[in-house]
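Student: Structure below; questions to follow.
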Amino acid sequence: MAILVTTFAVLLLLGTPIAITMIASSGLVIWLDGIPLTVLTQRVYSGLQSFPLLAIPLFILAGVLMNESGISDRLFGFTRALVGHIRGGLAQTIVVGNVLMAGISGSSIADTAATARVLVPQLEKAGYGRPFGAAISAVAGSLGPIIPPSILMVIYAWLANVSLGALFVSGIIPGILMACVMMSVIAILARLRGYPVDRAFSLEVVWQQFKRSILALAMPVIILVGFRLGAVTATEIAGIAAAYAAIVGVFIYRTVSIGSLPRIIATTARETAVILFIAAAATPLSWVLGIEQAPQIIVEFISGVTSTPWVVLLILNIALLIVGMFMDTIAVIIILVPILLPLLQAMQIDLTQFGVVLLINLVLGQLTPPVGVLLFVAMTISKVSLVQVFKETVPFFLSLLVALMLITYIPEISLWLPAFLGF
């Protein structure tokens with residue numbers, strides 16, 4: 001264990017890509033234990049031999065198609081008609097728009113990029129300032145993995161052996177709670193800074209914008225209804241979502257040309273390759289941690305400190321926030337979930353609820369240096385410095401910590417809706 005942890009930490013500090021770090025550290029331990037290195041290759045290969053993982057490239061394809069079709073413009077037009085009359089309404093549009101976009105793409109990075117491109121220039125013209133617009137784009141983008149569909153939820157459900165449909169539904173109310181917290185912070189800042197009202201409210205404009213975006217709004221409904229009826233698996237609903245996105249973009253909106261499909265497929269392949277390479281590389285590492293009895297060590301250590309579930313959850317929240325600041329979210333999920341499962345089961349912590357708590361911790365890590373990927377995406381597109389963006393992010397981050405505590409210690413926030421819908 002000492003060799004594994006030391007090698008992993010050193011390679012990570014040297015800037016080695018996370019997938020290579022995991023393969024190298026686990027391969028070294030396998031070699032030192034006298035186990036044939038062919039086992040390393042077998043474990044890497046077996047890490048991808050899972051049918052549910054096929055949902056990942058299909059959900060990515062659906063998200064890329066919907067973004068390419070200009071759907072973000074339509075959604076932001078609808079949300080602007082809804083909340084533009086509130087003081088700071090243009091900033092509120094970003095949050096409400098990302099709630100809707102999260103139900104389409106499932107990617108925090110894609111949502112942040114789309115928001116920063118579309119609305120940051122408009123915010124600057126309205127007097128908000130680019131750093132503030134970049135910060136809201138990053139913060140609102142964190143809703144992507146929480147509100148279904150979510151690629152990270154697919155991976156967690158596969159590892160924890162929980163119902164993906166229940167996990168999808170369990171993220172809806174926590175995601176809305178996070179959005180309400182963000183909107184409250186914007187409302188306070190709008191009063192303090194004198195941000196303007198965007199436009200007067202008009203039911204006619206709301207109805208017009210709703211008709212423009214109704215096909216996009218229908219996609220998350222199709223996904224959740226498909227799960228609820230039990231008619232399709234996660235992989236099949238991902239395929240339906242991709243086909244639906246293609247039909248809408250190519251034949252209805254006609255904003256995606258046939259000639260652009262090879263580029264879209266290539267983008268999907270690149271994003272899928274990154275995720276699945278990390279998933280494959282983490283498999284031998286998880287196997288080594290298993291034979292070195294890391295789960296049992298963790299259970300014994302924490303049980304020796306406390307046997308109270310709420311204290312265990314507090315310790316896990318702190319640890320996950322710290323880990324999320326330094327590591328890729330997918331790698332954290334694949335490495336830590338198998339280790340933590342025995343502890344969670346021993347403490348009788350609901351695995352579906354913990355999945356939501358885990359993802360919120362990790363997306364908050366995406367909002368903090370040194371590996372705050374959402375900050376880097378927003379600052380790059382908005383052309384502002386990291387310091388400027390992070391300064392504007394702080395009040396949102398602190399308020400989201402409060403939301404995290406509520407979601408952690410009030411399980412009904414995550415579990416009521418799945419139970420109500422019969423998952």
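Computed from the coordinates by the stated procedures, all read-outs in this text should not be read as laboratory data. Just so it is clear, the structure is predicted and the values come from calculations on it, not from any experiment. Backbone-built Cβ (ideal geometry, glycine too); neighbour counts: all protein chains shown.
Student: Looking at region 123-210, which trypsin sites (Lys or Arg not before Pro) are in a loop (DSSP not H, G, I, E or B) and have at most 14 other Cβ atoms within 10 Å?
Tutor: Sites meeting the loop and neighbour criteria: Arg199.
Student: Chymotrypsin sites (Phe, Trp or Tyr not before Pro) within region 190-294: which are DSSP loop residues with at most 15 other Cβ atoms inside 10 Å?
Tutor: Answer by residue number: Phe201.
Student: May I ask for the distance between the Cα centers of region 121-156 and region 384-398, given as a whole number of Å?
Tutor: Each part reduced to its Cα centre gives a spacing of 13 Å.
Student: Also: Which chymotrypsin sites (Phe, Trp or Tyr not before Pro) in region 332-421 sit in a loop by DSSP (not H, G, I, E or B) and have at most 14 other Cβ atoms within 10 Å of their own Cβ?
Tutor: none
Student: Right, next: Among (i) 71, 48, 45; (ii) 83, 43, 41; (iii) 90, 51, 40, which is the computed Cα extents along the principal axes in Å?
Tutor: After the calculation, the listed value that fits is (i).
Student: Just to check I understand the Karplus step: with θ = phi - 60° and J = 6.51 cos²θ - 1.76 cosθ + 1.60, what whole-Hz values come out for region 165-176, glycine and proline as x?
Tutor: Coupling constants for region 165-176: x, 5, 5, 4, 5, 5, x, 5, 5, x, x, 5 Hz.
Student: If you line up the long axis of helix 386-409 against the longest principal axis of the chain, both from Cα atoms, how many degrees apart are they, to the nearest 10?
Tutor: The angle comes out near 70 degrees.
Student: Among Pro17, Val248, Pro284, which residue has its Cα furthest toward the positive end of the charge dipole of the chain, with +1 on Lys/Arg Cβ and -1 on Asp/Glu Cβ?
Tutor: Checked the options; the winner is Val248.
Student: How much of the pair distance distribution for region 1-46 lies past 11 Å, counting alpha-carbon pairs only, in percent?
Tutor: 64 percent
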